[in-house]
Amino acid sequence: IALNPAAKIFQDFPNTGLYPFSTYLPQILAVKAGVLMGLSILNLLYLTRVCTLLFWIFLISKSIQITPAYKWAFAFLALLPSSLFINASASGDVVTNGLAFLVLAIFYRIIIEKSKKTSWPQMAWLTLGIGILSLNKFVYAPILLLSFLFPKSAFEQPKYRNWFAWALLLFALALVAVWNLKTSALFVPKDAYN
């Protein structure tokens, strides 16, 4: 079936979760590239699946590279059949799963390597990762509580550890609250539908 972008029809999806664009960013980019190449719908689907798998592999390889120990454990968890199945699809869970691995690797590195100071770019990447995880699936937000396990020696001043941990918690809560306020009016419960 040829793609016909001129004939757009709104398709309603009742009782589904409302996810931000960050959940489907690799898929969006793959579809846009495929449309520019003039691919059919089926080929767009396969291109999307390949691109999301490559994106997930990139995040997993970075996670394995970052973690100071248990690299084979990260690889084993990433290579579980159910993990490979979902992350080789066009699912929005690809970004969430890959970022969860990456954020956990960063947390683990900071917690284990007590003698190294944490850089501001490292904290910025961690904050971005927590922000995207919180937006994509707010049930992943409690991962940020690991920041309370950071050694005080990882910061220039020990009090910065608590400041960063609390700021990260407030940042995630604010993101989830704002997203919930913006999308709650769009969600139609089953009883009120049609």
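Rounded to the nearest 20, the size of the Cβ-charge dipole of segment 21-126 about its Cα centre is 340 debye, with Lys and Arg at +1 and Asp and Glu at -1. May I have the pair-distance distribution P(r) for the chain, computed from all Cα-Cα distances with 5 Å bins from 0 and rounded to whole percent? It works out to 1, 7, 13, 15, 16, 15, 13, 9, 5, 3, 2, 1, 0, in whole percents. Toward the positive end of the charge dipole of the chain, about the Cα centre and with charges on Cβ (Lys, Arg +1; Asp, Glu -1), which of A90, A69, F21 goes farthest? It is A69, whose Cα lies furthest towards the positive end. Ranked by solvent-accessible area (1.4 Å probe, protein heavy atoms only, all chains present), the residues F150, F74, F138 order from largest to smallest as F138, F74, F150. Distance between the C-alpha centres of segment 131-194 and segment 20-65: 26 Å, rounded to the whole angstrom.
Annotation: L149 carries an accessible surface of approximately 110 Å², with a 1.4 Å probe and no ligand, DNA or RNA atoms counted.
Compute the Cα gyration tensor for segment 1-88, then decide on rounded, prolate or oblate, letting a ≥ b ≥ c be the square roots of its eigenvalues: rounded whenever a/c is under 1.5, prolate when a/b is larger than b/c in the other cases, and oblate in all that remain. Note, shape of segment 1-88 comes out prolate. Once segment 104-194 is represented by equal point scatterers at the alpha-carbon sites, with solvent omitted, what log10 I(q)/I(0) does the Debye formula produce at q = 0.18, 0.22, 0.23 Å⁻¹? For segment 104-194 at q = 0.18, 0.22, 0.23 Å⁻¹, log10 I(q)/I(0) is -0.78, -1.05, -1.12.
May I ask you to derive the relative contact order of segment 111-194, considering only C-alpha pairs under 8 Å and at least 6 residues apart, and to give it as an integer percent? Once normalised by length, the contact order is 32 percent. Structure remark: mean-square fluctuation, Gaussian network model of the chain, C-alpha springs under 10 Å; the largest value among N97, N87, N162 belongs to N162. Among K159, K114, K62, the order of accessible area from largest down is K114, K159, K62, computed with a 1.4 Å probe on protein heavy atoms.
Counted by Cβ distance under 11 Å from P20, the other residues give a net charge of +2, where Lys and Arg count +1 and Asp and Glu count -1. Dipole magnitude for segment 121-193: computed about the Cα centre from +1 point charges on Lys and Arg Cβ and -1 point charges on Asp and Glu Cβ, it is near 80 debye.
For the chain, averaging the sequence separation of C-alpha pairs within contact (under 8 Å, six or more residues apart) and dividing by the residue count gives a relative contact order of 23 percent. Restricting attention to the chain, lysine pairs at least eight places apart or on different chains and with alpha-carbon atoms under 21 angstrom apart total 15.
Taken about its Cα centre, the chain carries a charge dipole of roughly 540 debye when the Cβ of each Lys and Arg holds +1 and the Cβ of each Asp and Glu holds -1.
The values are calculated or read from the model by the stated rules, or taken from the named source; none is laboratory data. What you are looking at is a predicted structure, and each value in this text was computed from that prediction instead of being measured. For neighbour counting, all protein chains shown are included, and Cβ atoms are generated from backbone atoms with ideal geometry for every residue, glycine included. Surface accessibility is based on the protein's heavy atoms, side chains included, excluding ligands, DNA and RNA. Shrake-Rupley method; radii C 1.70, N 1.55, O 1.52, S 1.80 Å.
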